[in-house]
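The values are calculated or read from the model by the stated rules, or taken from the named source; none is laboratory data. Given the structure is predicted, the values throughout are model-derived calculations rather than measurements. Positions of Cβ are generated from backbone atoms using ideal geometry, with glycine treated the same way; all protein chains shown enter the neighbour counts. Accessible surface is based on the protein model in full, side chains and every heavy atom, while ligands, DNA and RNA are left aside. Shrake-Rupley method; radii C 1.70, N 1.55, O 1.52, S 1.80 Å.
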Amino acid sequence: MSVFRVLFLLLVYGVSLAAASLYYAVHTINEDLPEDLTKLLDYQPNRKSVVLSSDGEEIGAFSIENRRIIPLDRMPPHVPAAFLSAEDRRFYTHPGFDLFGVVRAAWKNFRSTGIKQGGSTITQQIIKQTLLANEEGDISDLGMSAEQLTREKKAQKYKRKMKEVILAVRLERELTKAQILSIYLNHVYLGHGAYGVGAAAESYFGKEVEDLTIGEAAMLAGLVASPTKYAPHRNMQLARERQRYVLGHMREDHYISDAEYTAALAEPIALVDESDLNHLASPYFVEHVRQFATKRFGNSDLFKGGLRFYSTLDTHMQAAAEGALRKGLESLDRKLGFRGPIGSVANAQRGAWTGGPAHPLTGASDETAALADQLLPEQRYGAMIVDLPKTGVGVVVDLGPKRLPLVEADAKDVRDWRGIGKREGQTAKLGDLLPIRLSPDGATAMLAQRPALQGALVALDPHTGRVLAMVGGYDWTASQFDRVTQAKRQVGSSIKPFIYSAFVESGRTPVEHMHDGPFSVTTATGVWTPANYDNKYLGDVTLMTALAFSLNTISVQIAVAVGLDRIIEILRGFGVTSPIPRHISISLGTPDLTLLEVAGAYAGIASGGRRVTPRFFDLVTDTAGHIVEDSRDAPLGPQIISPEVDYVVINLMKGVVQRGTARYALALGRPAAGKTGTSANYRDVWFNGFTSDIQCSVWVGRDDATPIGDKITGGGIAVPIWLDFMQKAHPHTKVRDFPVPSGISFARVEPWSGDPGYPGADSVWMPFVRGTLPARFLPAAPVRSFDELVPAPAVPRPPAKCGSLTCL
């Protein structure tokens, strides 16, 4: 009995010593741990800031970590179930650490070479990824041998594991299981730059969490073990094997049935194309918001703070703007000529091309490496020439899924093409690749070469300055240079409405007669004699005719009459901040301005002569929904020119549309005003036009500022783009004219001569600032009172007396 007693006592003393040692170790380690768990109890991870369109669609995001916080109750049950089955099957029963899991992992690792399995619970993983994220730093060797260094690293690893366990137990006492699981599912890194299941669902599958299937949830859960190794876009076979492992555990844990298990394994997995992952809707707009927000709020709040920018962009208008600019640039590029094939398919590869997938064109050099299983109407594709008869005009191209003939005009251009420069003497041949797009009916193919030109379009609400649509170039992926906000280009005749404003302000009228002819101005560098666009002169013209036909000599004469200072003052008042040279040549639009500056200034004219400041968002809130900045009730800008002067100028600009250089815009079917612009040597073409609801500005040119082509004007190029956009994007409001200020008088005028008109098809009602109506419109002396206009009635005389008889 004494032997058993001794053994029992030794066991008791041994257990007591082990417990004491464990307590001492825990106490010692606990001294290095934080006293409270505020960092996790008030879990606030880095959150991406998002930009929302005016209709609530996310159009852009800024983040260091791509993370979307999704409440646990928004997730379908099979999503958390997949992660529990993959990472912590006893999550709801352990106190923070899983002793059975640790023993199992230790035994498996003991039987294998190296560490094959970890025993960390979900709670421990959270501790490791947050509170102990920097715990295993680099160890300085301090003269230690390799063996000593290995032992030191191992000791540090075990110490960190002890800390994990202690903190996990403490965390389990502070938070509920649901709270811990919610933190984990929103924090865990799942590869592809995605943190949390919300971001991963979008990055891999292009879905919201609510729409994830069982198979997709299992594939995401399988990524935790090794986000790179099991990434489906890298190795779908390994990803499927890991998915099978997770689904098997889900079935064993009774989260899914046998039927659901079988269906999930057979379920096809559709991944988002990697080229789409970096795509931004309205990229030029979003990038401008980023630059503005960085200056206003700083990088930390922008990339970590989860700000929400409620932008002014209208997605319908944006789509219309992108389509109109793309179509307009491609149309102009075609007028300038076919530039030749974009490549060639080798003889040995032509058989694989035929009947294979389509080849969407990507990148600035029109690469054909991308593949697609269907043909979309607006997409550009590489198409191989497969039929080029020696006689006739037909050309047939192979897109992969189908063969189509080129439209006749394009086929003729392809056959007539002769290379120049490095391609001197080359002609189109079988196997050459052409850039094409499907015709509207899908029965033929049309050439769609990448334009050598660039363009930009911006649309504003003229009353508030809200930027409704903005396109800074033909293709964001090829060029991120924003030609709306960054490119400063010569504005040409677009400047003339501001010059005419100063003239009308000085008391002149739309029927003022001026002489269009050679006109010279003496400057510091000599005598300057400007000419009209086509070197032709009209002689005696009215002010309204001069603006309608953009006569340069009249603009110069007006600038001389009113002085440069007032013209520059008006431009500055309307928000132009770029340098403006104090030289008479500004009367022909020599200042280099951004499209946004010009659009804002035109919006000022459209809004009644007030300054209008373009704005890109209405509201900014933080993660809690608190308002950070609110511009919805921004005060009106200052009055730059009187409403009456402004209304007369608008009417002159309506003449540009009705009978001048922008007549093509009449097809809109609404009262519209605007002004075309063409800079020297046809380097830039503009059109700035507006209705009572929306203002839109268009610019087209080359980035290197070389001439676009001979006789290329704003009326012929920019106006069709403007019209295409306005026809698709204009609000469906009641057709209405511009509001008339109180200080306006009207007179019927013959539009060409400026003489008093009479009721008829040719005469128009012309507005005048009250008090400026010319004398010829007042043939009689001015009427000063109603009595002068209508004689007073005669006073009746009393009846004559007739004695006793009544006078009859």
(message) With θ taken as phi - 60° and the coefficients 6.51, -1.76 and 1.60, list the Karplus ³J(HN,Hα) couplings across segment 508-523 in order, rounded to whole Hz; mark glycine and proline as x.
(response) 7, 10, x, 9, 4, 8, 9, 9, 8, x, x, 9, 10, 10, 7, 10
(message) Quick query: amide H of Val395 versus all other amide H atoms, modeled in the peptide plane; which residues come in under 5 Å with a sequence gap of 5 or more or a different chain?
(response) Leu406
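How big is the dipole moment of segment 529-614 about its Cα centre under a simple scheme where the beta carbon of each Lys and Arg is +1, that of each Asp and Glu is -1, and everything else is neutral? Debye, nearest 20, please. List each step's numbers first, then the result.
On the way: 6 positive and 6 negative charges, 43 e Å.
In debye, rounded to 20, segment 529-614 gives about 200.
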(message) What number comes out for accessible area per residue over segment 153-259 if the probe is 1.4 Å? Units Å², please.
(response) 43
(message) Taking every DSSP beta bridge with both residues inside segment 366-458, roughly what % is antiparallel (nearest 5)?
(response) 95
(request) Please work out the average accessible area per residue across segment 439-549, using the 1.4 Å probe convention, and give it in Å². (result) 37
(request) Using a Förster distance of 25 angstrom, determine the FRET efficiency expected from the C-beta separation of Leu238 and Leu371, and round it to 0.05. (result) 0.65
(request) Arrange the peptides 725-736, 331-342 so that the one whose residues have, on average, the most other Cβ atoms within 10 Å appears first. (result) 331-342, 725-736
(message) So for segment 334-435, considering every pair of alpha-carbon atoms, how many percent are separated by more than 21 Å?
(response) 32
(message) Under the √(5λ) rule applied to the eigenvalues of the Cα gyration tensor, what semi-axes describe the equivalent ellipsoid of segment 495-613? Give them in Å, descending.
(response) 23, 17, 13
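For the pairs Lys335/Lys728; Lys177/Lys229; Lys48/Lys128; Lys412/Lys488; Lys675/Lys711; Lys402/Lys429, note any where the Cα-Cα span goes beyond 27 Å.
Details: Lys335/Lys728 24 Å; Lys177/Lys229 30 Å; Lys48/Lys128 22 Å; Lys412/Lys488 38 Å; Lys675/Lys711 17 Å; Lys402/Lys429 19 Å.
In this structure, Lys177/Lys229; Lys412/Lys488 exceed 27 Å between Cα atoms.
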(message) Using +1 at the C-beta of Lys and Arg and -1 at the C-beta of Asp and Glu, which of Thr613, Thr623, Ile586 has the Cα lying farthest in the positive direction of the dipole of segment 555-658?
(response) Ile586
(request) Pop out the ³J(HN,Hα) list for segment 60-67 in order, Karplus 6.51 cos²θ - 1.76 cosθ + 1.60 with θ = phi - 60°, rounded to Hz; leave Gly and Pro as x. (result) x, 8, 10, 6, 8, 10, 6, 9
(message) Projecting each Cα onto the charge dipole of segment 347-431 (Lys/Arg +1, Asp/Glu -1 at the beta carbon, about the Cα centre), which of Ala411, Gly382, Leu399 comes out farthest on the positive side?
(response) Ala411
(request) Could you tell me, in Å, what Rg and Dmax come out for the Cα atoms of segment 676-740? (result) 14.1, 44
(request) Obtain the nm distance between the two label points defined at Ser226 and Phe8 by a simple spin-label model: each point lies 7 Å from its Cα along the Cα-to-C-beta direction. (result) 5.3
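Taking a temperature of 4 °C and a viscosity of 1.567 mPa s, what whole-number D in µm²/s does Stokes-Einstein yield for segment 179-335 with Rh from Kirkwood over alpha carbon pairs? Let's see the in-between values first.
Values: Rh = 18.7 Å.
The diffusion coefficient I find is 69 µm²/s.
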(request) Check each of the trypsin sites (Lys or Arg not before Pro) in segment 512-586 and keep only those in coil by DSSP with at most 15 other C-beta atoms within 10 angstrom; list them in order. (result) Lys536, Arg582
(message) From the phi angles alone, apply the Karplus equation (6.51, -1.76, 1.60; θ = phi - 60°) to segment 485-491 and give each ³J(HN,Hα) in whole Hz, x where the residue is Gly or Pro.
(response) 10, 10, 7, 9, 10, 5, 7
(message) Multiplying the sequence separation of Val560 and Thr522 by 0.36 nm and subtracting their Cα-Cα distance, what value in nm do you get?
(response) 12.6 nm
